[in-house]
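The structure appears below as structure tokens.
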Amino acid sequence: MQAMQAAAGNAAVAQLAAGGWRGGSAGPQMIQRVARAGAPGRTVQRVAEEGTGGHGGMEMRAEGRVIGKPTNEVERNFYGDMRAGKHPALEGVAPTSYTADQVQQMDGKAGDDSTHIYIENLTHGMAKPKLLDIKVGESTASRHELLESMSKVDAWKKKMKLKVADFVTGSASRGYRAVGGTGLKGKSRRQIGQQSGKIVDDFAEESSLSAVLVEKLEHVRAAAKSSGLAFIAASVLIAVDEEPAEGSSAASAKLNLIDFAHTFGPERLGAEQVKKYQDRFDQGMAGLIAAVKAAGAAKAPQAGQSIPT
């Protein structure tokens with residue numbers, strides 16, 4: 001079961017934003033620089049203490065503005081294509097990315113484009129970030145894609161492991177599952193997945209936040225549909241500042257589509273495979289949007305009921 005849980009999901013960006021510090025880069029001075037002026041150092045430390053698992057080897061760069069993440073060739077090529085303007089539908093949906101040289105100009109430290117991606121940190125500038133990482137789609141593996149990197153037997157075995165994990169965690173029936181976030185430290189991937197409904201309810205129960213998230217999620221859904229790409233095991237990462245310097249927490253909400261290590265277009269696996277996984281992703285997004293709407297509606301003031309001040 002541990003092997004299935006390890007294979008079931010990847011809260012990679014959330015892990016770094018929530019504590020995947022390396023090389024002493026999250027010392028007291030770093031924490032104070034990342035937190036907004038006047039906010040205590042516990043701001044980033046609190047997020048670090050609530051890290052959620054995922055790939056290791058990530059690091060904060062450029063005083064917390066950028067995340068360096070080791071990944072595969074597929075994801076590196078995806079972000080290279082984004083920088084080249086090849087996926088315009090995903091502009092503002094996928095995180096802004098940088099080359100190693102660009103990041104070195106920011107912080108003076110060398111990187112490696114052949115092994116890493118460098119993407120914006122969604123929580124940068126937030127005083128008290130609250131995170132939720134949601135894996136979208138009823139299936140987190142494609143046998144056709146796995147066959148590109150392993151034998152038929154190994155591809156079948158991995159596909160079966162992930163299929164069982166998708167069933168156990170609820171992705172297969174729900175179309176999405178939580179894989180990490182603030183307040184979930186100490187829970188297994190299986191527990192988090194099975195509790196996804198309540199986790200989404202708790203996160204989006206404020207009606208004003210629910211409305212903002214629904215709008216952003218619908219934008220992601222439309223962008224993914226028009227991108228011409230298939231997304232397997234991609235995640236929606238949501239960040240909300242619970243102590244914003246200005247405005248409301250709902251207004252501070254940010255959202256990105258992340259984890260593109262298993263993204264492909266028709267030129268790679270054909271139009272039929274693209275449509276299959278586009279439909280699964282779209283159905284998962286529809287289910288997630290409905291859940292966020294329901295969470296907000298349950299807490300919305302009823303007709304004739306005053307709003308607490």
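Hey, could you check the range 246-270 for residues that are open to solvent by less than 10 Å² (accessible area, probe 1.4 Å) and without any contact (Cβ under 8 Å) to a residue 60 or more places away in the chain and say which is nearest to the chain's Cα centre (by Cα)?
ALA253
Which residue is most open to solvent (accessible area, probe 1.4 Å), if the candidates are limited to the range 206-223 and must be out of contact with any strand residue (DSSP E or B) (no Cβ under 6 Å at 6 or more places or on another chain), in contact (Cβ under 8 Å) with a residue 24 or more places away in the chain and among the hydrophobic types (A, V, I, L, M, F, W, C)?
By that ranking, first place goes to ALA211.
Give me a count of the residues in the range 126-139 that are touching a Phe, Trp or Tyr at 6+ places or on another chain (Cβ under 8 Å) and surrounded by 22 or more Cβ atoms within 10 Å (Cβ to Cβ).
6
Are any residues in the range 140-181 open to solvent by 30 Å² or more (accessible area, probe 1.4 Å) and acidic (Asp, Glu), and if so, which ones?
GLU148, ASP154
Please verify whether LYS185 is at pLDDT below 95, assigned to a loop (DSSP other than H, G, I, E, B) and more than 19 Å from SER249 (Cβ to Cβ), treating the condition exactly as stated.
Yes.
Is it true that GLU243 is open to solvent by 10 Å² or more (accessible area, probe 1.4 Å) and in a loop (DSSP other than H, G, I, E, B)?
Yes; evaluated as a whole, the condition is true for this residue.
Out of (1) modelled with pLDDT under 95; (2) open to solvent by 60 Å² or more (accessible area, probe 1.4 Å), what's the single condition that is false for GLN273?
(2)
Residues of the range 61-81 being in a helix (DSSP H, G or I), without any contact (Cβ under 8 Å) to a residue 60 or more places away in the chain and surrounded by fewer than 21 Cβ atoms within 10 Å (Cβ to Cβ), which ones?
Within the range 61-81, GLU63, GLU73, ARG76, ASN77, GLY80, ASP81 meet the criteria.
What is the number of the single condition among (1) part of a loop (DSSP other than H, G, I, E, B); (2) modelled with pLDDT under 95 that ASP113 does not meet?
(2)
Checking LYS185 against (1) out of contact with any Gly (no Cβ under 6 Å at 6 or more places or on another chain); (2) within 18 Å of LEU217 (Cβ to Cβ); (3) basic (Lys, Arg): exactly one of these is not met. Which one?
Failed condition: (2).
The values are calculated or read from the model by the stated rules, or taken from the named source; none is laboratory data. Here the structure is a predicted model, which is why all the values come from computation and not from measurement. Note: ideal-geometry Cβ built from the backbone for every residue, glycine included; neighbour counts use all protein chains shown. Heads up: the accessible areas ignore ligands, DNA and RNA and are worked out on the full protein's heavy atoms, side chains in. Shrake-Rupley method; radii C 1.70, N 1.55, O 1.52, S 1.80 Å.
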